[in-house]
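The values are calculated or read from the model by the stated rules, or taken from the named source; none is laboratory data. This structure is a prediction, so every number in the text was calculated from the model and none was measured. Please note: Cβ atoms are built from the backbone with ideal geometry, for glycine as well, and neighbour counts cover all protein chains shown. Note: accessible area is taken over every heavy atom of the protein model, side chains too, but ligands, DNA and RNA are not part of it. Shrake-Rupley method; radii C 1.70, N 1.55, O 1.52, S 1.80 Å.
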Amino acid sequence: MHSMESIPPSAFPACKQADDTNMSDSEHNNAEFSAQRRRVLLGMGVAGAALAGSALSCPAMAAGQAQAQVTEAPSSDKTQDRHDFHGKHQTGIVTPRPAAGMIVSFDVLASDSEELERLFRTLNKRIAFLMSGGAVKQVDEKLPPLDSGILGPVVTPDNLTITVAVGESLFDERYGLASLKPKHLIRMVGFPNDALQPELCHGDLSIQFCSNTPDTNIHALRDIVKNTPDLLLVRWKQEGTVPAQAPLKAGEPAQSARNFLGFRDGSANPDSNDGSAMDRIVWVQPGANEPAWAVAGSYQAVRIIRNLVERWDRTPLQEQQSIIGRVKTTGAPMDGQTETQVPDYAKDPEGKLTKLDAHIRLANPRTAETQRNLILRRPFNYSNGVSKNGQLEMGLLFICYQADLAQGFIAVQTRLNGEPLEEYLKPIGGGYFFTLPGVTGDQDFIGRSLLSAVKQKTTA
Amino acid sequence: MKKSPLALLLALGLLHAPLSAFAATAPLDLVGPVSDYKIYVTAEIDDLVSKTQQFTDAVKKGDLATAKKLYAPTRVHYEKIEPIAELFNDLDGAIDSRVNDHEKGVKAEDFTGFHRIEYTLFSENTTDGLGALADGLNKDVKDLQTRVAGLTFPPEKVVGGAAALLEEVAATKISGEEDRYSHTDLYDFQGNIDGAKKIVDLFRPQIEKQDKAFAAKVDKNFAAVDKILAKYKTKDGGFETYDKVKDADRKALVGPVTTLAEDLSTLRGKLGLN
């Protein structure tokens with residue numbers, strides 16, 4: 001079989017772009033590429049080399065590369081990128097957002113609290129494996145294989161994070177958790193512009209999968225589904241993507257990806273590398289008037305927000321920009337030149353530059369008192385086929401994290417009620433969940449703090 | 001010179017033919033249960049044929065009430081033996097296809113059989129225009145009877161039938177889309193479950209020889225399903241319509257059904273069948 005290993009990756013800018021989706025270091029020169037390859041080799045052993053070697057090509061760049069074949073897979077040197085499952089917090093929250101995301105909501109079928117513990121221990125085991133990867137155990141060929149095999153015989157972590165959160169309904173009478181419910185966790189209530197479809201809402205448990213490719217997320221989901229037949233029932237699922245950005249030039253600030261309205265989305269997000277900001281905005285802190293077990297967790301708000309894109313595309317640019325409050329090309333605020341500039345609303349009290357009801361101004365008025373409403377957004381674009389009217393069913397899989405759901409998403413969305421953008425949006429699903437604290441080590445498991453809080457309560 | 005990925009995987013033993021964990025059940029041990037299963041299937045088809053005659057007679061006489069009453073208790077015999085009936089693709093399509101199997105829906109000319117008749121009886125509330133469909137169904141089930149009589153039952157199809165029946169339940173019965181006009185899904189649900197349980201029972205000695213705990217777990221989940229279905233039995237031995245099934249019970253059926261589907265998918269392998 002032929003190989004394209006000797007061709008430098010710079011020959012494949014389109015591929016590189018796809019790979020670099022979320023990585024802060026976007027400039028891969030040849031040496032870095034080789035180093036990455038060595039890491040892949042070291043990490044995976046000879047089998048890994050074989051697998052990587054078999055995938056080193058890029059159909060998108062096949063023009064002029066006569067030896068490339070139609071069926072050759074796009075290449076990625078990031079299939080071995082992995083996140084440590086263990087930590088104070090779960091991954092997938094302040095973790096840079098990769099190209100592919102998916103939220104799956106489940107009904108929990110566990111019959112009692114013992115079975116609930118079996119669910120969390122099973123999830124823990126599967127997530128620990130999926131996030132680190134490795135060879136799949138082979139069984140007798142007369143039996144169904146243990147793994148779907150869609151990533152091959154050696155599972156590649158591919159930058160996967162799996163984030164587990166619990167919904168308000170898990171705290172009903174079934175498992176004796178009622179008194180341990182996080183203070184702000186409620187069943188999502190429709191906002192005035194919502195058209196919630198019951199089959200796309202709520203759930204006992206949500207799992208967020210994020211990785212470099214949809215296939216890696218789907219592999220992980222199928223693994224979990226196969227391992228929990230009597231414990232979980234899929235309620236709804238939504239996948240999404242983040243468009244890759246061109247590599248940054250030296251000294252340029254990172255740019256946010258565009259949503260399906262064509263605007264950069266995430267410009268005013270708080271700095272996810274600022275630990276103290278994250279402690280304040282995202283993570284439940286000790287003494288926060290929350291159950292002790294919930295410390296280091298975070299509220300997750302998920303919204304499936306359909307965008308009426310045909311109508312949006314028929315809207316004059318100046319109107320689009322005044323509705324959003326940003327310049328479409330650059331993402332800059334109306335009074336600025338670059339995306340990262342902070343709008344100065346104090347100088348524009350009547351909304352002459354940025355309308356008072358512009359989306360970004362309502363969402364984040366940048367006042368001292370609205371600092372407590374900050375949230376960490378982590379959305380994905382979604383596209384789901386076509387409506388009966390022949391219009392495109394697409395929009396934003398909005399996901400955000402906050403230490404206080406009432407002060408966070410609910411307060412922000414309440415300010416947005418009635419915004420002009422609503423004419424182009426229809427939230428159709430989602431739910432509120434509480435992301436469990438992280439798994440601190442091999443002795444710990446996901447959900448342990450919650451389950452041991454119940455046990456303490458019942459023995460006390 | 002570079003080794004191909006396949007060669008490397010082979011060298012690492014990753015693509016080894018895995019060790020066989022289960023000794024093949026001696027072919028002679030399978031003769032008894034397989035022939036017992038054929039007896040069971042034959043009896044079910046005999047019932048199917050005679051009840052289909054009564055059902056189609058009522059349809060042709062224009063006796064709507066009787067036709068509606070006989071619809072579910074007739075087709076349940078088909079649901080019990082679906083793994084064998086499905087071996088005859090052409091008949092399965094003619095007898096048991098659903099509206100969504102046809103691009104043109106109820107107007108499709110090749111949409112025939114139980115569900116097409118169900119549509120007219122329950123949705124149009126008439127027997128008008130069903131003569132030819134009734135005759136066709138009668139002819140098709142008799143054809144099935146003849147073909148099954150002449151069939152040598154392949155053991156792997158028989159044992160694999162338990163899993164196939166559970167896949168039917170998981171894919172179409174929980175949602176209530178099997179009998180979308182009559183809402184008599186619970187008859188079919190019970191039929192699939194009974195058919196699967198029959199297979200497990202017939203091979204019980206062989207299964208228990210391989211894995212006793214497995215047999216116990218399967219029994220437990222069959223019992224869980226039966227218990228929920230029993231809540232909806234009516235005095236005449238039939239079932240309530242599917243819309244009466246509470247959400248909590250629908251959900252409670254999912255766990256045992258999905259677990260049975262997972263577990264029974266290993267049954268062929270456990271008995272060493274290909």
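Inside region B:238-261, can you point out the residues that are free of Cβ contacts under 8 Å to residues at least 24 places away in the same chain and open to solvent by 50 Å² or more (accessible area, probe 1.4 Å)?
Selection gives B:K244, B:K246, B:D247, B:A248, B:K251.
Looking for whichever is of a type in the set (A, V, I, L, M) and facing chain A (nearest Cβ under 8 Å) here; the options are B:L273, B:L229, B:L260, B:L264. Which one fits?
When all the criteria are applied, what remains is B:L273.
For region A:126-162, what are the residues that are open to solvent by 50 Å² or more (accessible area, probe 1.4 Å) and within 12 Å of chain B (Cβ to nearest Cβ)?
Once the filter is applied, which keeps residues that are open to solvent by 50 Å² or more (accessible area, probe 1.4 Å) and within 12 Å of chain B (Cβ to nearest Cβ), region A:126-162 yields A:A135, A:K137, A:Q138, A:E141, A:K142, A:P145, A:L146.
Which of the residues that make up region A:335-364 are at pLDDT 95 or above and either open to solvent by less than 30 Å² (accessible area, probe 1.4 Å) or touching a Gly at 6+ places or on another chain (Cβ under 6 Å) (or both)?
If the condition is that a residue be at pLDDT 95 or above and either open to solvent by less than 30 Å² (accessible area, probe 1.4 Å) or touching a Gly at 6+ places or on another chain (Cβ under 6 Å) (or both), then A:P343, A:Y345, A:D348, A:G351, A:T354, A:A358, A:H359, A:I360, A:R361, A:A363, A:N364 are the ones that fit.
Would you check if B:D179 is in contact (Cβ under 8 Å) with a residue 40 or more places away in the chain, under 19 Å from B:D96 (Cβ atoms), out of contact with any Cys (no Cβ under 8 Å at 6 or more places or on another chain) and of a type outside the set (K, R)?
Spelling it out, B:D179 is indeed in contact (Cβ under 8 Å) with a residue 40 or more places away in the chain, under 19 Å from B:D96 (Cβ atoms), out of contact with any Cys (no Cβ under 8 Å at 6 or more places or on another chain) and of a type outside the set (K, R).
With the requirement that a residue be more than 16 Å from A:V108 (Cα to Cα), open to solvent by 60 Å² or more (accessible area, probe 1.4 Å) and away from chain B (no Cβ under 14 Å), what does region A:215-238 give you?
A:D215
Here is a check on your reading of the model: is B:L229 of a type in the set (A, V, I, L, M, F, W, C) and either under 22 Å from B:L70 (Cα atoms) or assigned to a strand (DSSP E or B) (or both)? Spell out the reasoning first.
Values: of a type in the set (A, V, I, L, M, F, W, C): yes; either under 22 Å from B:L70 (Cα atoms) or assigned to a strand (DSSP E or B) (or both): yes.
Yes.
Restricting attention to region A:66-89, does a residue exist that is touching a His at 6+ places or on another chain (Cβ under 6 Å), among the polar types (S, T, N, Q) and modelled with pLDDT under 95?
Looking through region A:66-89, at least one residue is touching a His at 6+ places or on another chain (Cβ under 6 Å), among the polar types (S, T, N, Q) and modelled with pLDDT under 95.
Can you pull out every residue in region B:245-255 that is part of a helix (DSSP H, G or I) and more than 7 Å from chain A (Cβ to nearest Cβ)?
Answer for region B:245-255, where residues must be part of a helix (DSSP H, G or I) and more than 7 Å from chain A (Cβ to nearest Cβ): B:D247, B:A248, B:D249, B:R250, B:A252, B:L253.
For region A:252-268, which positions are surrounded by fewer than 17 Cβ atoms within 10 Å (Cβ to Cβ) and modelled with pLDDT of 95 or more?
Of everything in region A:252-268, just one residue is surrounded by fewer than 17 Cβ atoms within 10 Å (Cβ to Cβ) and modelled with pLDDT of 95 or more, namely A:G262.
Would you mind stating whether A:G203 is within 14 Å of chain B (Cβ to nearest Cβ) and within 18 Å of the chain's Cα centre (by Cα)? I'd like the intermediate steps shown before the answer.
Numbers: within 14 Å of chain B (Cβ to nearest Cβ): yes; within 18 Å of the chain's Cα centre (by Cα): yes.
Taking the combined requirement at face value, the residue satisfies it.
Any residue in region A:163-181 that is part of a loop (DSSP other than H, G, I, E, B), within 14 Å of chain B (Cβ to nearest Cβ), at pLDDT 95 or above and open to solvent by less than 20 Å² (accessible area, probe 1.4 Å)?
No: zero hits.
Within region B:106-148, how many residues turn out to be touching a helix residue (DSSP H, G or I) at 6+ places or on another chain (Cβ under 7 Å) and either of a type in the set (A, V, I, L, M) or at pLDDT below 95 (or both)?
The qualifying residues number 10.
Take A:F445 and tell me if it is in a loop (DSSP other than H, G, I, E, B), touching a residue at least 40 places away in the same chain (Cβ under 8 Å) and either at positive phi or of a type in the set (F, W, Y) (or both). Give the derivation first.
Working: in a loop (DSSP other than H, G, I, E, B): yes; touching a residue at least 40 places away in the same chain (Cβ under 8 Å): yes; either at positive phi or of a type in the set (F, W, Y) (or both): yes.
For A:F445, the condition - in a loop (DSSP other than H, G, I, E, B), touching a residue at least 40 places away in the same chain (Cβ under 8 Å) and either at positive phi or of a type in the set (F, W, Y) (or both) - is met.
So that you can scan it fast, the table gives a plain yes or no per residue for (1) β-branched (V, I, T); (2) under 19 Å from the mean Cα position of the chain (by Cα); (3) more than 22 Å from A:N373 (Cβ to Cβ); (4) open to solvent by less than 50 Å² (accessible area, probe 1.4 Å):
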| residue | (1), (2), (3), (4) |
| --- | --- |
| A:P270 | no, yes, no, yes |
| A:A294 | no, no, no, yes |
| A:Q300 | no, yes, no, yes |
| A:R303 | no, yes, no, yes |
| A:L317 | no, no, yes, no |
| A:T329 | yes, no, yes, no |
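If you check B:D46 against the conditions, is it modelled with pLDDT of 95 or more, open to solvent by 50 Å² or more (accessible area, probe 1.4 Å) and under 30 Å from B:L273 (Cβ atoms)?
When the stated conditions are applied, B:D46 passes them.
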